[in-house]
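K.L.:
One structure coming up, written as structure tokens, with questions to follow.
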Amino acid sequence: MDIKSKKIIAKGRKILIAVLLSLIIAMQGYSQQTTKVKIEKIEQLPVHTYPVKDSLVALLKNEQAIHSLQATLKNDLLNDMNTFDIDANLLKSYYKMLGALSFYEGDYSKSLLYYDTLKSIETKPGAKLTNALIKRAQIKAKTSGSADYNGQFLKAFTESVNALNYANTSSYLDDIRSQYKNNYASSILAGASSEIDPFITAGPLSLDDAEYVLWLFYELPVFDQNRAIITKVLDSTLAANNEKINKTISTHDVVLPAGKKYAPVVISVFDLGTDISLFPNQLYTNTKEKPDSIDNDNNGFIDDIHGVAFDMLENKTASLLMPLSKQQQKDLPKMMSFFKGFGDSDAGLNTKESKLFNQQMDSAKGEEKQKLWQQIQFIGDYAHGTHVAGIALKGNPYAKLLTVRFSDDVGFTEEANPPSEATEKKVAQNLLALVDYWKAAHVRVVTMSWGYFLSDYETEVQKHYKELPEEEKKKLALQLWTMRKNALYNAFSSAPEILFIASCGNKNNNSDNDLRYPAALDLPNVMGIGSVNREGKETPFTATGSKVVVHANGYQVESYAPGGLKLLMSGTSMATPNVANLAAKLFTLKPTLTVSQVVALIKDGADTFTDSKVKPINPARSIELLKQRYK
């Protein structure tokens, strides 16, 4: 072989090596591009923000700005899905938003494709059956070729609702009905302005706020006409089926007879305050204390005869029920009656309160209607702890109520200080003191119808720390939320003899991806609770996932409000004291039971279904298991 041939071969080898190197580099790049980062927790999702100007009302009139916001939001959603391997439970909100955005664009085929994908990953049977119920009917009406849209929408929606098994979808249909029945476009806009404008002023909108703005832009102009059709169909459906509901949950209740030699059990309702005057024969009493503004027993709490309380700033105080202003006291009877009408109307009950509620809501306009909703929110908070206490004590004359009142929480009300490290350290100290107090009072069960998502802290940080860059806001929110989680963990883990029962929340989230503390604490003496309706079906709002240990009735549950009026309320807040009620009864029947034994009795006694992952408690079966296991 001559020198020239060798040079040609050598050159060829170099070219080949260069090509191979290029291919390897290209493949590495391709590999890096196709290997997606897995996202399993909500805090791992990228933060998207949207700078906007003016007020909400001005923004909704700026079509160009809306279309720009819509395009950016859609691009962010699609980029996230292309870049990350996002857990299916977290993807639900993506498909829901993309389905709506495609609908707004008039791309109905793509909209249905997104909604069908969402349906395929839904875990709740009721959610699958009612997936995009309204949007699907609207698409049928829009693509019917008829000029009579309202007539076609009424026809399509009626057919879709009538095709459903009411027993499996009742709470979902009730939920849709309540969203439309007492709302009008004007009142929604008034409420949205007060909600969104502060965030426009504070800085860029969050992804959720941007989605809401787009909903307002596209949905409000047709909301009232759609409302009339939706409520007409669902009112008729509720009236026809309400009495047919098989209320299986109530048949499992157990009432302990009075006068037996059962042991008293102390149960603490850790909530927004309780009207203890309603339970005079079921109160824990600290006999070492007197109502004299002195800490007689030197335990760090003044006048703690039936419990303890903390004010807006996490300082100790004595009032076990939320204090009211003179004007609030004057308006209270009227507000209570109005709230009762709200609950009765939601349940389809034809009471004088529901009639008055519907009349007032129909006649109120704009800001006036917004004030009525604010009244409902106020009474919902004011009555919350008393309502929970009534559920927890029901059917157990041996239960002794120890009230612990907190005041919404520091940083989460207008009257409180912004969230901060100092606040979290103070909360941690108070929780440890509280656990010592529970131990001294021999508390066996604590029921907690509250909790903290990361998003709660993100909202508050966004509100109070406007000057921080977005990434710094996210870090601060995560830091403070983690401090609260650690404070709860350290306190509750120090009391293994007390069973802490906590609500998993009403966000319709997966409890493994979107953690809520204290329910998500990985402790053997903490139980997270989900909600079912009276038939044992998952409610639309309840959390799912492994952090939900058992479920209980949390739908239109009747209990007391301060003063003694009985109200219907819904939420995992109502489900949680139902489980605490069962736990207390088990401790009453056999005081020597350990926390782990009580948890096992509750879990093993729960109902199971082949078509669902819900585990509704069955008090009768759990008590029967108690008799079998501990003779």
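K.L.:
Only residues in segment 361-387 that are surrounded by 13 or more Cβ atoms within 10 Å (Cβ to Cβ) count as the first member; pair them with residues that are among the aromatic types (F, W, Y), Cβ under 7 angstrom, at least 6 apart or cross-chain, and list the lot.
P.N.:
K369/Y184; Q375/F338; I376/F339; I376/F342; I379/F339; T386/Y560; H387/Y560
K.L.:
Restricting to segment 274-303, name every residue that is touching a residue at least 40 places away in the same chain (Cβ under 8 Å) and either buried (at least 18 other Cβ atoms within 10 Å of the Cβ) or not in a loop (DSSP other than H, G, I, E, B) (or both).
P.N.:
Within segment 274-303, T274, D275, I276, L278, F279, Q282, L283, Y284, N286, F301 qualify.
K.L.:
I want to confirm something. Restricting to segment 73-94 and keeping residues that are of a type in the set (S, T, N, Q) and farther than 21 Å from E195 by Cβ, which single residue is surrounded by the most Cβ atoms within 10 Å (Cβ to Cβ)? Give the derivation first.
P.N.:
Keep residues of segment 73-94 that are of a type in the set (S, T, N, Q), which gives 75, 79, 82-83, 89, 93.
Still in the running and farther than 21 Å from E195 by Cβ: 75, 79, 82-83, 89.
Numbers: N75: 11, N79: 12, N82: 9, T83: 13, N89: 20.
Top of the filtered list is N89.
K.L.:
Within segment 546-564, restricting attention to residues that are open to solvent by 60 Å² or more (accessible area, probe 1.4 Å) and touching a residue at least 24 places away in the same chain (Cβ under 8 Å), which residue is nearest to D175 (Cα to Cα)?
P.N.:
Within segment 546-564, the subset open to solvent by 60 Å² or more (accessible area, probe 1.4 Å) is 546, 558, 560, 563.
When the remaining residues are screened for being touching a residue at least 24 places away in the same chain (Cβ under 8 Å), the result is 546, 560, 563.
Values: S546: 25, Y560: 23, G563: 28 Å.
Residue satisfying both the conditions and the ranking: Y560.
K.L.:
Which members of segment 432-444 meet the condition of being among the hydrophobic types (A, V, I, L, M, F, W, C) and buried (at least 20 other Cβ atoms within 10 Å of the Cβ)?
P.N.:
If we filter segment 432-444 for residues that are among the hydrophobic types (A, V, I, L, M, F, W, C), which is where we start, we get 432-435, 438, 440-441, 443.
Within segment 432-444, L434, V435, W438, V443 qualify.
K.L.:
For P496, work out the one condition from (1) modelled with pLDDT of 95 or more; (2) touching a strand residue (DSSP E or B) at 6+ places or on another chain (Cβ under 9 Å); (3) not in a helix (DSSP H, G or I) it doesn't fulfil.
P.N.:
(2)
K.L.:
Exactly one of (1) over 30 Å from E424 (Cα atoms); (2) open to solvent by 40 Å² or more (accessible area, probe 1.4 Å); (3) in a loop (DSSP other than H, G, I, E, B) is unmet by M312. Its number?
P.N.:
(1)
K.L.:
Let me ask something additional. Of (1) open to solvent by 40 Å² or more (accessible area, probe 1.4 Å); (2) under 23 Å from the mean Cα position of the chain (by Cα); (3) under 30 Å from V57 (Cβ atoms), M97 satisfies all except one. Which?
P.N.:
The number of the failed condition is (1).
K.L.:
Report, by residue number, each residue of segment 460-506 that is charged (D, E, K, R), within 26 Å of G554 (Cβ to Cβ) and open to solvent by 50 Å² or more (accessible area, probe 1.4 Å).
P.N.:
Scanning segment 460-506 gives a single hit, K485.
K.L.:
Kindly indicate which of L216, L154, L164 is aliphatic (A, V, I, L, M), surrounded by fewer than 20 Cβ atoms within 10 Å (Cβ to Cβ) and either under 28 Å from the mean Cα position of the chain (by Cα) or outside any helix (DSSP H, G or I) (or both).
P.N.:
Numbers: L216 fails: surrounded by fewer than 20 Cβ atoms within 10 Å (Cβ to Cβ); L154 fails: either under 28 Å from the mean Cα position of the chain (by Cα) or outside any helix (DSSP H, G or I) (or both).
The conditions single out L164.
K.L.:
Quick check on this structure: which one of T386, T351 is more than 30 Å from H442 (Cβ to Cβ) and in contact with an Asp or Glu (Cβ under 7 Å, 6 or more places away or on another chain)?
P.N.:
Numbers: T386 fails: more than 30 Å from H442 (Cβ to Cβ).
Criteria check complete, one pass: T351.
The values are calculated or read from the model by the stated rules, or taken from the named source; none is laboratory data. All figures in this text were calculated on a predicted structure; none of them were measured in a lab. Because the Cβ atoms are built from the backbone with ideal geometry, glycine has one as well, and the counts that use them run over all protein chains shown. The area values use the complete protein model at the heavy-atom level, side chains included, leaving out ligands, DNA and RNA. Shrake-Rupley method; radii C 1.70, N 1.55, O 1.52, S 1.80 Å.
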